[in-house]
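Comments concern the structure below.
The values are calculated or read from the model by the stated rules, or taken from the named source; none is laboratory data. Just so you know, these numbers come straight off a predicted model, no measurement behind them. Cβ placement follows ideal geometry from the backbone for every residue including glycine, while neighbour counts extend to all protein chains displayed. When the accessible area is computed, the model is the full protein with side chains, heavy atoms only, and any ligands, DNA or RNA have been set aside. Shrake-Rupley method; radii C 1.70, N 1.55, O 1.52, S 1.80 Å.
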Amino acid sequence: MKHVNLYFILLALLLSSTANATGPRVSPSLISTASDIYTIKLPPFVDPGNQYACYLGEVVYSVLHEQKIDAVLTGLPLQSMVKYYLLNDNALGALSPYLHLTVSQKKDLIIIPIDTVNESYYYYKPNHPDGLAWKGKLKRLSGLRFGTIKGDVVEKYKQAGIKIKLSRIDVLIKKLVVNEVDFVRLPDLTVAWYVGKQFADQKDNFIKMPTPAGNLPLAIMFNKKHPQGQINADKFKQGLDKLKSGGQFQQIQLQYIN
Amino acid sequence: MSAHPIYKNGTLMLRLFYMLILLLPSFAVYAEEIILDANESPPFWSKDLPHQGLGGEIIQAISQQSGLKSRINFLPLKRLRDNSKNNDLGNPLFYMANQDFSAIIPIASYRVSFFYYQPNHTKTITLDLLQNLQKYNIGVLEGTLTKHSYFAEQDISFETSYSQTSLFKKLKHGRIDLVLAIDLVAINTINQLFPEQTEKFKQLKLPNSISPIAIMIAEEQSNAENIASQYRQGLKQIIANGQYLQILKKHYYSYIPKDWLSNLERFKQLYAFDSYE
């Protein structure tokens, strides 16, 4: 290493800030042997900022801990990034919400189902006082703006003449209120969670369309291409079975789902 | 004296006028000053460094190449994070939880490494240390630790300091065994503090530590798509003509990581979400 000039001496004296936006983030996967299981945020099912207090977080960590699987849940801001790490970087695993993987993408994955939750279409009543209903046909919503997370599969909406507005999950409900989107598709519990946090005094204004939008499978997937992928998938399956047979799983489920 | 043919031809004049009108929007893109917000993170971003640091110099070169007029505006981190309508510079993960961006253009990267002072250890430390970090007293900057509970469960303890200078002084005096720091920051701090002993400080590069430094274009930025495209093109050109490498050399000397450009390409793919809509 060569000696530095005066500017670097000055800069070293300036290095007193506690954190900056081009700085280290000391996470378990950085300096330990723990492998990453990537996920996006979908409260109350997955909340990377509050990992031990969300449905999948509690289930997954209970199993990881019990089975001594050296892995951590790592939150990413975009679903496309989860896919990239899983499929291109051969990450250990990922949680399933909104990954929309193709058959060929699933080829090297071991998918372990955990639960399934209901999804519905929601709109904001003050912006649509006459109501919205899709009645199983998306064409009935033609011309409207559908708000969803970046990376979601939106082809069928486009084909139905629906405009797409992509966004972070945290602001989808806000976009309904400020009339930037007309409707969203989310798990009922996720809508309830965000409305409770962001618009608690307006709960009655968020209306669920009567026909269900579908089911969202909640699963953990392990990557066969990761050196520990198959072994950890086997261990996880065993651990999840134990959690279910011991009644712990049902307790966690009850806490978040009902 | 007869008039120049062009003045005789009203149609030609009209055509030229229309062409000028059509070209105006693209001129507007070039003329507009693009404000990019950063916080003090030397040697990557600093208003006190030549060219405003490594990142600043890359931004200048890209802008010059692409004909864009860019200005870096330095603000405290909290204000950057609270503002969800501005253009940002830095590691996208620090901002993406609070803001939607129209485009993210990785322009550089940084790596985090462990550093130790060899005379304080009888044996060479290798990356096997990750298996038993409990044995070591690790120094990190205050505020950089995430998931404290995981480290507590693993019985891994840290000593935090408010400055790199303090961390490396402690390392030299044996009060801590390892410092976890950004490679470029550490190299410069060691050079400044212990210029005669730089060879005695050893670096252990962490394989999963490479993070991007990017230009983040806000959704609210006018002409965002054109601007992003111009920045990307400018970056491509300065890499091709060698200017980019020259900038890196100024800061990394002969220590430019060999996989720098392949990592840049990887980050480009990782943040290529703007093509989804």
*If you take the residues of segment B:112-145 that are among the hydroxyl-bearing types (Ser, Thr, Tyr) and either more than 7 Å from chain A (Cβ to nearest Cβ) or open to solvent by 40 Å² or more (accessible area, probe 1.4 Å) (or both), which of them is farthest from A:VAL72 (Cα to Cα)?*
B:THR122
*Please state which of the following conditions B:LYS202 fails to meet, knowing it meets all the rest: (1) touching a helix residue (DSSP H, G or I) at 6+ places or on another chain (Cβ under 6 Å); (2) in contact (Cβ under 8 Å) with a residue 40 or more places away in the chain; (3) open to solvent by less than 20 Å² (accessible area, probe 1.4 Å).*
(3)
*Within segment A:36-63, restricting attention to residues that are surrounded by fewer than 23 Cβ atoms within 10 Å (Cβ to Cβ) and among the polar types (S, T, N, Q), which residue is nearest to A:PHE249 (Cα to Cα)?*
A:SER62
*Of all residues in segment B:207-226, how many are of a type in the set (Asp, Glu) and open to solvent by less than 10 Å² (accessible area, probe 1.4 Å)?*
0
*asked:* Restricting to segment B:54-73, name every residue that is free of Cβ contacts under 8 Å to residues at least 40 places away in the same chain and buried (at least 17 other Cβ atoms within 10 Å of the Cβ).
replied: B:GLY56, B:SER70, B:ILE72
*Where residues in segment B:80-95 are open to solvent by 10 Å² or more (accessible area, probe 1.4 Å) and facing chain A (nearest Cβ under 10 Å), which of them is modelled with the lowest pLDDT?*
B:ARG81
*Return the pairs, sorted by first residue and then second, in which the second residue is in a strand (DSSP E or B) and open to solvent by 10 Å² or more (accessible area, probe 1.4 Å), the first residue lies in segment B:30-52 and is more than 15 Å from B:PHE94 (Cα to Cα) and of a type in the set (Val, Ile, Thr), the beta carbons are less than 9 Å apart, and the residues are 6+ apart or on different chains.*
B:ILE34/B:LYS69; B:ILE34/B:SER70; B:ILE34/B:ARG71; B:ILE35/B:SER70; B:ILE35/B:ARG71; B:ILE35/B:ILE72; B:ILE35/B:ASN73
*Criterion violated by A:SER16 - all others in (1) open to solvent by 30 Å² or more (accessible area, probe 1.4 Å); (2) part of a helix (DSSP H, G or I); (3) small (Gly, Ala, Ser); (4) at pLDDT below 95 satisfied*: (2)
*asked:* I'm checking my understanding of the structure. Among residues of segment A:114-158 that are within 14 Å of chain B (Cβ to nearest Cβ) and open to solvent by less than 20 Å² (accessible area, probe 1.4 Å), which one is farthest from B:LYS85 (Cα to Cα)?
replied: A:TYR157
*Could we say that B:ILE156 is assigned to a loop (DSSP other than H, G, I, E, B), surrounded by fewer than 21 Cβ atoms within 10 Å (Cβ to Cβ), within 11 Å of chain A (Cβ to nearest Cβ) and in contact with a Leu (Cβ under 9 Å, 6 or more places away or on another chain) here?*
yes
*Could you list all residues from segment B:246-277 that are closer than 30 Å to A:LYS165 by Cα, charged (D, E, K, R) and part of a helix (DSSP H, G or I)?*
B:GLU265, B:ARG266, B:LYS268, B:ASP274
